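The values are calculated or read from the model by the stated rules, or taken from the named source; none is laboratory data. Predicted model, so just to flag it, every value in this text is computed and none were measured. So basically every Cβ, Gly included, is an ideal-geometry build from the backbone, and we count neighbours across all protein chains shown.
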Amino acid sequence: MRFSQRLPWSISSNSFSRLIAARRSAGLPLLDLTISNPTLALADYPHRSIAQAYGSLANFQYHPDPFGSREARCAVISCYEKRGIQLTPERVALTASTSEAYSILFKLLCDPGGEILVPLPSYPLFDYLARLEGVRVVPYRLLYDGSWFTDFEDLRSGISSSTRAIVVVNPNNPTGSYLKASEARTLSAIAAENELPIISDEVFSDYTLFQSPDRLDTFARFDSVVSFSMNGLSKTAGMPQMKLGWIILNGPARQIEDLRLRLEIILDTYLSVGTPVQNALPALLEIGRGIQTELKSRAIQNWQTVSQLLMNSPAHPLHVEGGWSAILQLPANVSEDDWIARLLEDKGVLVQPGYFFDMQSEAYVVVSLITPPNEFHRGLERLRQLVTFESEHHGPAK
């Protein structure tokens, strides 16, 4: 049997996955600092309220609309109105998830073999989503000098005749860095100069940990260049199980209308968003505001734990502005693979290696800031103990 060549289709697990599976099968305790699923992270997750939102639905008639029901799109618009952004239903397209939104936009913009510029480091799903559409990702660097910023020289060098869009993640995952207003202007100028649209992943935009007047929250504020702002229930409402996302179309009116006509064909082909979740959307967004508040409060609390526990230790947290993740720089005398294995086997602590997110050097680990606080505190204490012991007994890398 022959299989598609879109992905390498490696079916063997890596050594790290095997270590985790062995520990769990042996029934050994594990402090998991990678929890990023709100339905598992929150002990008081509002299951009953969500059930009531669905239970109150009385109409399940199917009236397919490629862009989603007008009522559901108006519910999305209300989220942006709270930010002072005025939208019309014609600028909103509903999808089953942000991942599907990427897939739809890649179909809209790219022929097979087309290229998409994506930030590095960032979420590792880009390559899979692109390859499944026959598209190639070309990375551009985010640099760090105490805070993260875009390397525009590197971005410009990645643009070719095959480039079809520039992806930004705002705030980025896992760096937690927002695009600054000045960066957004530069990026928009580059996009306009090269006639490229911007795909802006804004799923963590509601999770600002520290106020910054210079940050950009959404490209929905811009109409000078074509862009697509993506968000959804998964993060903004803490409901990954509800499977509803959206795309906001931004840019000059004439270009937006042409995009809508082309996008309608793709959306009408799949009609992937379920009627119940669309009908329940206003209630789900209301419930989600409480979930969002709790998750944001937890992320801030856990970041304070990071700052306090790792102060004057060999582990150094990188600056973060928003989102759910924190990057910790560990001493380079031990490789990332060894660090995560030692943390797991010696301390029973699970973290993610930096190379999962294409960090460009070692040694880094990534932890989730929505981990239950007691578990997060204990896991971070053990991490500090291990890196302190290793530094005191083995010294710096040679």
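Tabulated data for the structure shown
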{"quantity": "Answer from SER56, SER69, SER10, SER99 - the residue that is among the hydroxyl-bearing types (Ser, Thr, Tyr) and more than 28 Å from LEU267 (Cβ to Cβ)", "calculated": "SER10"}
{"quantity": "Residue list for segment 31-70, filter: among the small types (Gly, Ala, Ser) and either closer than 13 Å to MET242 by Cβ or in contact with a Pro (Cβ under 6 Å, 6 or more places away or on another chain) (or both)", "calculated": "SER49, ALA51, ALA53"}
{"quantity": "Residue in segment 65-76 that is in contact (Cβ under 8 Å) with a residue 24 or more places away in the chain, under 19 Å from LEU281 (Cα atoms) and aromatic (Phe, Trp, Tyr) present", "calculated": "yes"}
{"quantity": "Test: residue in segment 252-274 that is in contact with a Ser or Thr (Cβ under 9 Å, 6 or more places away or on another chain) and closer than 27 Å to PRO46 by Cα", "calculated": "yes"}
{"quantity": "Failed condition for GLU336, given (1) surrounded by fewer than 18 Cβ atoms within 10 Å (Cβ to Cβ); (2) free of Cβ contacts under 8 Å to residues at least 40 places away in the same chain; (3) touching a helix residue (DSSP H, G or I) at 6+ places or on another chain (Cβ under 9 Å); (4) of a type in the set (Asp, Glu)", "calculated": "(1)"}
{"quantity": "Some residue of segment 137-147 being part of a helix (DSSP H, G or I) and closer than 29 Å to GLU264 by Cβ", "calculated": "no"}
{"quantity": "Pair list, Cβ under 9 Å, 6 or more apart: segment 296-307 residue more than 15 Å from LEU33 (Cα to Cα) and at pLDDT 95 or above, other residue aromatic (Phe, Trp, Tyr) and surrounded by 19 or more Cβ atoms within 10 Å (Cβ to Cβ)", "calculated": "LYS296/TYR207"}
{"quantity": "Of all residues in segment 50-109 being at pLDDT below 95 and among the charged types (D, E, K, R), the one that is surrounded by the fewest Cβ atoms within 10 Å (Cβ to Cβ)", "calculated": "LYS82"}
{"quantity": "Cβ pairs under 7 Å, 6+ apart, first in segment 261-280 and in the same structural domain as THR95 (by TED's automatic domain parsing), second loosely packed, with under 14 Cβ neighbours inside 10 Å", "calculated": "LEU271/PRO64; THR275/PHE60; THR275/TYR62; PRO276/LEU57; PRO276/PHE60; ASN279/LEU57; ASN279/ASN59; ALA280/LEU57"}
{"quantity": "When residues of segment 115-133 are limited to those that are outside any helix (DSSP H, G or I) and of a type in the set (D, E, K, R), the one nearest to LEU105 (Cα to Cα)", "calculated": "GLU133"}
{"quantity": "Residue ID - farthest from the chain's Cα centre (by Cα), chosen from residues in segment 76-102 that are within 20 Å of ASP127 (Cα to Cα) and not polar (S, T, N, Q)", "calculated": "ALA96"}
{"quantity": "Counted residues, segment 331-381 - those being within 24 Å of the chain's Cα centre (by Cα), outside any helix (DSSP H, G or I) and not aromatic (Phe, Trp, Tyr)", "calculated": "19"}
{"quantity": "Candidate set from segment 224-270 (those that are within 19 Å of ARG48 (Cα to Cα) and touching a Pro at 6+ places or on another chain (Cβ under 6 Å)); member that is surrounded by the fewest Cβ atoms within 10 Å (Cβ to Cβ)", "calculated": "SER234"}
{"quantity": "Pick from segment 1-57, criterion touching a residue at least 40 places away in the same chain (Cβ under 8 Å) and basic (Lys, Arg), ranking: farthest from GLY238 (Cα to Cα)", "calculated": "ARG6"}
{"quantity": "Selection from segment 170-190 of residues that are closer than 21 Å to ALA130 by Cα and out of contact with any helix residue (DSSP H, G or I) (no Cβ under 9 Å at 6 or more places or on another chain)", "calculated": "PRO171, ASN172"}
